[in-house]
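Here it is, the structure, as structure tokens.
The values are calculated or read from the model by the stated rules, or taken from the named source; none is laboratory data. Just so it is clear, the structure is predicted and the values come from calculations on it, not from any experiment. Methodologically, a virtual Cβ is constructed for each residue, glycine included, from the backbone with ideal geometry; neighbour enumeration extends over all protein chains shown. Just the protein is used for accessible areas: all its heavy atoms, side chains included, with ligands, DNA and RNA removed. Shrake-Rupley method; radii C 1.70, N 1.55, O 1.52, S 1.80 Å.
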Amino acid sequence: MTESAPNGAAREKLWTPANVVTLVRICCVPVFVVAIISPWPAWFPQWSDAETWKPWIAAGIFVLLAATDGLDGYLARSRNEVTNFGKFMDPLADKILVAAALLALVELSILPSWVALVILTREFIVSGIRMVAASQGVVIAASWYGKAKTVTQIVAIVLFIIKDSVVITDPEGVLHNPLYLVSWAVMIVALVLTIVSMLDYFVKARELLGFTSASRKADRAEVVLEDAVDLDACRVSAADVVAAAREARKTVATAESLTGGMVAAALTAIPGSSAVVRGGVVSYVDDVKHAVLGVDAGTLARCGAVSEEVACQMAQGAKDDLQADVAVAVTGIAGPGGAEEGKPVGTVWLAVADAQGVRAELCRFPGDRSEVRTRTVLRALAALKASLDGRQ
């Protein structure tokens with residue numbers, strides 16, 4: 001969401017409900033620290049069992065703050081108010097909360113310091129990798145390892161906060177305390193996922209970090225175009241596609257979202273293209289994607305319009321509905337607004353459907369709205385040409 005600035009330029013709305021929730025989470029971290037560390041039960045002598053309730057109250061505050069992480073994300077997406085400020089503050093708020101809890105547990109001698117060191121080191125390393133990737137226009141999507149790591153860390157921290165609230169009467173010690181054993185079991189799982197998710201980031205960023213030779217970059221599923229392109233280049237590529245379709249005696253079709261028909265326009269600008277171009281569908285909104293191209297409504301709701309699944313269904317729908325041999329589909333974010341978490345401006349999913357099936361690739365295009373759309377057209381034409389030439 002944007003609002004007008006005094007100079008006439010558009011700027012993001014800062015105080016959105018999602019950003020307010022994020023800032024409240026950060027501001028309430030000291031409340032949690034006071035609840036878990038300070039000797040506040042001594043301040044209420046009339047409350048006889050305050051010491052017993054102390055860890056449970058601290059755990060409740062921690063759980064409440066952790067739960068707001070999902071709330072601010074939901075508010076931002078449902079209200080279309082994803083902002084750069086929010087994308088910066090949200091992960092920072094999570095790290096502050098987890099770091100505060102770990103350091104508090106170490107301070108109380110409940111948790112060994114090496115556990116906190118492993119978790120915090122991972123966060124520093126992953127943040128560094130993300131910064132390197134962002135500097136090159138690449139966003140590394142979080143894997144299920146990272147999401148599972150976050151959940152298990154939160155559960156483990158809560159268990160460690162409350163584990164000492166269970167009185168141990170067995171003289172044999174803590175090993176006979178079920179809560180103690182469960183706490184450490186969950187924490188070990190969290191540590192394993194912490195390390196695995198960190199290694200996953202290294203694997204995904206191996207080329208950016210220089211671990212893979214440049215000659216292998218062509219094998220990536222993710223495509224980044226930085227060379228200057230213009231409509232003249234699109235016309236040349238379109239002529240090549242029409243010529244290849246004639247030679248192969250095949251027909252082509254398009255399904256376009258962010259480009260609004262530019263791929264089809266480039267093809268039909270070529271003389272004689274009517275012999276090979278079946279047509280195109282401009283599915284700019286989700287309703288058209290569903291009603292015309294047959295994109296599953298559940299997929300749209302679950303994955304979003306800019307996703308591999310939707311691009312593939314768009315391409316297959318265009319191929320089937322327009323009775324073409326080859327169909328290309330593009331869906332993405334051309335900007336200047338519309339960015340989502342993990343999907344910055346310039347994110348484009350492209351899919352091609354032909355006799356061999358449906359294939360998709362993720363593209364990251366730099367530039368303004370016009371440049372992103374032009375690069376998308378050029379890449380879509382190249383994908384059509386590759387399919388017509390029999391290249392996967």
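How many residues are in a helix (DSSP H, G or I) and farther than 16 Å from Ala327 by Cβ if we restrict to the stretch 270-298?
From the stretch 270-298, those in a helix (DSSP H, G or I) are 273-275, 286-291, 297-298; that's our starting set.
Within this subset, residues satisfying the condition of being farther than 16 Å from Ala327 by Cβ are 274-275, 286-287, 290-291, 297-298.
Matching residues across the stretch 270-298 total 8.
Something else: Can you spot a residue in the stretch 87-109 that is at pLDDT 80 or above, assigned to a loop (DSSP other than H, G, I, E, B) and either open to solvent by less than 50 Å² (accessible area, probe 1.4 Å) or of a type in the set (A, V, I, L, M, F, W, C) (or both)? Steps first, answer last, please.
Step one: list which residues in the stretch 87-109 are at pLDDT 80 or above, which gives 89-109.
So of that shortlist, the ones also assigned to a loop (DSSP other than H, G, I, E, B) come out as 108-109.
Now drop any that are not either open to solvent by less than 50 Å² (accessible area, probe 1.4 Å) or of a type in the set (A, V, I, L, M, F, W, C) (or both), which leaves 108.
The answer is yes, given that some residue of the stretch 87-109 is at pLDDT 80 or above, assigned to a loop (DSSP other than H, G, I, E, B) and either open to solvent by less than 50 Å² (accessible area, probe 1.4 Å) or of a type in the set (A, V, I, L, M, F, W, C) (or both).
Say we look at the stretch 66-86 and pick out the residues that are at negative phi and of a type in the set (S, T, N, Q); which of these is most open to solvent (accessible area, probe 1.4 Å)? Before you say what the answer is, go through the steps one by one.
Looking only at the stretch 66-86, we keep the residues that are at negative phi, and these are 66-79, 81-86.
Now drop any that are not of a type in the set (S, T, N, Q), which leaves 68, 78, 83-84.
Working: Thr68: 27, Ser78: 71, Thr83: 5, Asn84: 94 Å².
Of everything passing the filter in the stretch 66-86, Asn84 is most open to solvent (accessible area, probe 1.4 Å).
Filter the stretch 260-306 down to the residues that are open to solvent by 60 Å² or more (accessible area, probe 1.4 Å) and of a type in the set (Gly, Ala, Ser), then identify the one that is nearest to Lys343 (Cα to Cα). Quick ask: steps written out before the conclusion?
Just the residues of the stretch 260-306 that are open to solvent by 60 Å² or more (accessible area, probe 1.4 Å), to begin with: 268-269, 271, 274-275, 278, 282, 284-287, 290-292, 296, 301-302.
Within this subset, residues satisfying the condition of being of a type in the set (Gly, Ala, Ser) are 269, 274-275, 291, 301.
Values: Ala269: 32, Ser274: 36, Ala275: 38, Ala291: 25, Ala301: 16 Å.
In this case the residue turns out to be Ala301.
Open to solvent by less than 30 Å² (accessible area, probe 1.4 Å), under 30 Å from Leu14 (Cβ atoms) and in a helix (DSSP H, G or I) - does that describe any residue in the stretch 49-65? Write out each step before concluding.
Looking only at the stretch 49-65, we keep the residues that are open to solvent by less than 30 Å² (accessible area, probe 1.4 Å), and these are 50, 54-55, 58-59, 62, 65.
Remaining after also requiring under 30 Å from Leu14 (Cβ atoms): 62, 65.
If we keep only those that are in a helix (DSSP H, G or I) as well, we get 62, 65.
Among the residues of the stretch 49-65, at least one is open to solvent by less than 30 Å² (accessible area, probe 1.4 Å), under 30 Å from Leu14 (Cβ atoms) and in a helix (DSSP H, G or I), which makes the answer yes.
Continuing with the same structure: Looking at Pro45, Pro41, Pro6 in this structure, which one is touching a helix residue (DSSP H, G or I) at 6+ places or on another chain (Cβ under 6 Å) and either surrounded by 12 or more Cβ atoms within 10 Å (Cβ to Cβ) or modelled with pLDDT under 90 (or both)?
Working: Pro45 fails: touching a helix residue (DSSP H, G or I) at 6+ places or on another chain (Cβ under 6 Å); Pro6 fails: touching a helix residue (DSSP H, G or I) at 6+ places or on another chain (Cβ under 6 Å).
On inspection, the qualifying residue turns out to be Pro41.
Looking only at the stretch 145-165, filter to residues that are under 18 Å from Pro55 (Cβ atoms) and open to solvent by 60 Å² or more (accessible area, probe 1.4 Å); which one of those is modelled with the highest pLDDT?
Restricting to residues being under 18 Å from Pro55 (Cβ atoms) and open to solvent by 60 Å² or more (accessible area, probe 1.4 Å), the top hit is Val155.
Please work out if Ala228 is assigned to a helix (DSSP H, G or I) and either open to solvent by 30 Å² or more (accessible area, probe 1.4 Å) or modelled with pLDDT of 90 or more (or both). Lay out the reasoning, then the answer.
Numbers: assigned to a helix (DSSP H, G or I): no; either open to solvent by 30 Å² or more (accessible area, probe 1.4 Å) or modelled with pLDDT of 90 or more (or both): yes.
Judged against the criteria, Ala228 is not a match.
Related question: Output the residues belonging to the stretch 307-364 that are part of a loop (DSSP other than H, G, I, E, B), of a type in the set (Val, Ile, Thr) and open to solvent by less than 40 Å² (accessible area, probe 1.4 Å). Let's see the steps before the verdict.
We begin by selecting, within the stretch 307-364, every residue part of a loop (DSSP other than H, G, I, E, B); these are 307, 322-325, 333-339, 341-342, 344-346, 355-356.
In the following step, the residues that additionally are of a type in the set (Val, Ile, Thr) were identified as 333, 345.
Of everything in the stretch 307-364, just one residue is part of a loop (DSSP other than H, G, I, E, B), of a type in the set (Val, Ile, Thr) and open to solvent by less than 40 Å² (accessible area, probe 1.4 Å), namely Ile333.
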